[in-house]
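K.L.:
My questions will all concern the structure given below.
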Amino acid sequence: MSTSVEPRGWAKAALHVNGWFVYMFFYAPIVLLVIYSFSNSRNVGTWGGFTLDWYRDFFDSSNARGALSNSVKIAIFSTIISVVLGTMAALSLERFTFRGKKVFDALLYLPIIIPDVTMAVMMLLFFGEFFDVLDALFGLGLRKGFWSISISHIAFNISFVSVVVRARLAGMDTDLEEAAIDLYASRWKAFRYVTFPQIVPGIAGGALLAMTLSLDDVVITQFVAGPGWTTLPVYVFGLIRKGVTPLINAVSVTMLVVSMLLVVLSIVAQRVRRSG
Amino acid sequence: MTSAVELSGITKRFGDVVAVDNVDLSIADGEFFAMLGPSGCGKTTTLRLIAGLEFPTEGSLSIFGQEVGTLTPDKRPVNTVFQNYALFPHLTVLENVGFGLKMQGIDKETTRRRSMEMIELVQLDGLAERKPSQMSGGQQQRVALARALVNQPKVLLLDEPLGALDLKLRQEMQLELKKLQRDVGISFVFVTHDQEEALTMSDRIAVMDDGKLLQVATPEEIYERPANRFVADFIGQTNLLEGTVSDSETVILENGVSVRAKNGFSAGTHVAVSLRPERAHIQSQGEFEEGWSHVNGFVETVTYLGNALIYGIKLDWMDLEVREENHPGVELYKPGAEITVSWDPDAISVVSD
Ligand SMILES: Nc1ncnc2c1ncn2[C@@H]1O[C@H](COP(=O)(O)OP(=O)(O)OP(=O)(O)O)[C@@H](O)[C@H]1O
Ligand SMILES: [Mg+2]
């Protein structure tokens, strides 16, 4: 099948080369990372024969395992909360009119725009004061860790989720909801049976994005983590300061596998929905 | 007998925009009722008020004698066929049609049976498991009809249901809709901005402009006795000859010629004589039917339609359009020919603003 707008001759060849270059830029580092994570040499860049020692070290280290499980816990918890809140924000902005809507709209996207470091400092200040206040009022004795990191991740993830869900909502006719209501659905049922199934792909996309961002975040997490309680990326950063060993490669490959599993899961989930 | 739908003094404002302006309207049970008017005149808004998707700013609205002004759509015995069908894309035809019954809590078995019957009625047998995206425009249209009718509404509201179809399909669906309406026997309130569609399908037509109801009457009445200049101009083709009323039998045209024109206006009123192109007749200059009104002019353009000829006529003070059926032996005039246009004084109407 060839059409008149398809490139021909040298243009076609150049396009192919370009394609391969792009793939190389994307995947060469990943392939190298995976290969060297099995290298039996303390030096990151030299090949010293095959070994699984670095993985064993990683899983033997209770610090590393702790960081991994912290990361996963925070990712799941912050994703659930930010998906619920972000979807609600998207719905209110797309479907309702209310006082101060424009201001709310603009403020909602602030976390996407402001630099991570700024956000991190803000969060640090906030938790310094906030936890003190809570402590003074209720004597909770909260320490920085799971809650401070989760709340920070929720804070920026709400914005990302609502952007994604809103794009989906905007592409959906309000006619459909009105048709549901005309067909005796209550507002809730119209959402449950018509709006929600329409925006599920947006919600899934938002959730995936939120989870990735949460698993990824270093800057903000580092500021609000507090002593003795870190996530995997922050732990990796700490390792680098002590000297770079292929242990880092092993940790990174583990993170990569976890992220890819998530993506595959979400694709499978969507397939099942469509055929079922 | 109480009417199916009764609007009295209904006004709907959106901020500063008056979408529907003090409308009184009564639609009989079993009537095929068309709402006609140019874009933005308030047809959809009127329909949405009846459906309960909007609430009136003023006035009262009742359906079979029950005041429903601020009741939500689920408490009204009406259903809507939306402008772009608004079929649920993630549901099959069967699920789309059954949606209303399911929401009303009717059991699965009954829902399925009644939906299947309705799908059969609109001739979509065998397509029940399809998704809307796998159907043609005409088929989607039928699904939308089935989805509304399965709930056995007392009034069906249709917002430009044929607007998205091509001409041929449109004409087929016009006939089918009409037949369907006779079969189910309920009132159809039908919005369109196609005047031909309104004329061919409806028992009565409401003509709207700028939120106001200008005339409600049968197609014949609307065509033969338009209530005002706008209706005369909007429904069908017409020539508007400006003039002033001299007495109840006579109008003096702009060029000073008096023509016989029965009217109900007082002397001195500025009016227009509405002369339909097919009601005027051309002959060589100086010839005209006994007792007919006549003016002189010459042929400027001739458009050959096959079954008819459209003449563009130039008078001293204005242009006219005249349509002559293409009978065998009819005399053909060429551009430049000097002619007389004449008409039966009973075949015209007199309108004012
Ligand atoms: N929700 C709304 N908010 C503000 N103005 C509105 C709203 N709905 C309708 N209008 C205005 O009310 C007027 C009538 O609109 P309506 O949709 O009833 O027209 P219509 O006769 O159906 O036109 P069309 O033939 O183009 O569908 C228009 O001026 C429109 O801009
Ligand atoms: Mg409309």
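K.L.:
Pick out, from the stretch B:17-122, the helices (runs of 4 or more DSSP H) lying fully within it that include 3 or more residues that are at pLDDT 95 or above, open to solvent by 10 Å² or more (accessible area, probe 1.4 Å) and not assigned by TED's automatic domain parsing to the domain that holds B:V216.
P.N.:
Counting at least 3 such residues, we get no helices (runs of 4 or more DSSP H) at all.
K.L.:
Give the stretch B:129-186 a look and list any residue that's within 16 Å of ligand 1 (Cβ to nearest atom) and touching a residue at least 60 places away in the same chain (Cβ under 8 Å), or say none.
P.N.:
B:L157, B:L158, B:D159, B:E160, B:P161, B:G163, B:A164
K.L.:
Look through A:S266, A:S186, A:S275, A:S259 and report the one residue that is at pLDDT below 85 and within 14 Å of another protein chain (Cβ to nearest Cβ).
P.N.:
A:S275
K.L.:
Answer with yes or no whether A:G19 is surrounded by 15 or more Cβ atoms within 10 Å (Cβ to Cβ) and among the small types (G, A, S).
P.N.:
no
K.L.:
Which residues, counting only those in the stretch B:289-338, are touching a Pro at 6+ places or on another chain (Cβ under 7 Å), within 21 Å of B:N255 (Cα to Cα) and not hydrophobic (A, V, I, L, M, F, W, C)?
P.N.:
B:S293, B:E300, B:E321
K.L.:
Specify the residue that is most open to solvent (accessible area, probe 1.4 Å); the eligible residues are those in the stretch B:293-331 that are at pLDDT 90 or above and among the aromatic types (F, W, Y).
P.N.:
B:Y304
K.L.:
Ok, one more. For B:V216, which of the numbered conditions (1) within 15 Å of the chain's Cα centre (by Cα); (2) closer than 30 Å to B:Q66 by Cβ; (3) within 16 Å of ligand 2 (Cβ to nearest atom) fails to hold?
P.N.:
Going through (1) within 15 Å of the chain's Cα centre (by Cα); (2) closer than 30 Å to B:Q66 by Cβ; (3) within 16 Å of ligand 2 (Cβ to nearest atom) one by one, B:V216 breaks only (3).
K.L.:
State whether the residues of the stretch B:296-314 include one that is of a type in the set (F, W, Y) and closer than 30 Å to B:T269 by Cβ.
P.N.:
Checking the stretch B:296-314: not a single residue is of a type in the set (F, W, Y) and closer than 30 Å to B:T269 by Cβ.
K.L.:
Which is under 30 Å from the mean Cα position of the chain (by Cα), more than 9 Å from every other protein chain (Cβ to nearest Cβ), farther than 14 Å from B:A144 by Cβ and not charged (D, E, K, R), of B:P132, B:P77, B:P73?
P.N.:
Sole residue among the options that is under 30 Å from the mean Cα position of the chain (by Cα), more than 9 Å from every other protein chain (Cβ to nearest Cβ), farther than 14 Å from B:A144 by Cβ and not charged (D, E, K, R): B:P77.
K.L.:
Can you confirm whether A:Y55 is assigned to a helix (DSSP H, G or I), of a type outside the set (A, V, I, L, M) and touching a residue at least 40 places away in the same chain (Cβ under 8 Å)?
P.N.:
Yes.
K.L.:
How many of the residues in the stretch B:126-173 are within 16 Å of ligand 2 (Cβ to nearest atom) and either over 24 Å from B:D194 (Cα atoms) or at pLDDT 90 or above (or both)?
P.N.:
5
K.L.:
Okay, next question. If a residue must be within 16 Å of ligand 2 (Cβ to nearest atom) and of a type in the set (V, I, T), how many such residues does the stretch B:63-82 contain?
P.N.:
Summing the residues that are within 16 Å of ligand 2 (Cβ to nearest atom) and of a type in the set (V, I, T) in the stretch B:63-82 gives 2.
K.L.:
Would you tally the residues in the stretch B:203-225 being more than 21 Å from B:G40 (Cα to Cα) and either within 16 Å of ligand 1 (Cβ to nearest atom) or in contact with a helix residue (DSSP H, G or I) (Cβ under 6 Å, 6 or more places away or on another chain) (or both)?
P.N.:
So the answer is 1.
K.L.:
What are the residues in the stretch B:234-252 that are without any contact (Cβ under 8 Å) to a residue 24 or more places away in the chain, surrounded by 15 or more Cβ atoms within 10 Å (Cβ to Cβ) and of a type outside the set (V, I, T), if any?
P.N.:
B:S246, the sole residue that qualifies.
K.L.:
Filter the stretch B:28-62 down to the residues that are within 14 Å of another protein chain (Cβ to nearest Cβ) and either within 16 Å of ligand 2 (Cβ to nearest atom) or hydrophobic (A, V, I, L, M, F, W, C) (or both) and list them by number.
P.N.:
Listed by number, the residues that qualify are B:T44, B:T45, B:L47, B:R48, B:L49, B:I50, B:A51, B:L53, B:E54, B:F55.
The values are calculated or read from the model by the stated rules, or taken from the named source; none is laboratory data. Given the structure is predicted, the values throughout are model-derived calculations rather than measurements. We place every Cβ from the backbone using ideal geometry, glycine too, and count neighbours over all the protein chains shown. These area figures cover heavy atoms from the full protein model, side chains too; ligands, DNA and RNA do not enter into them. Shrake-Rupley method; radii C 1.70, N 1.55, O 1.52, S 1.80 Å.
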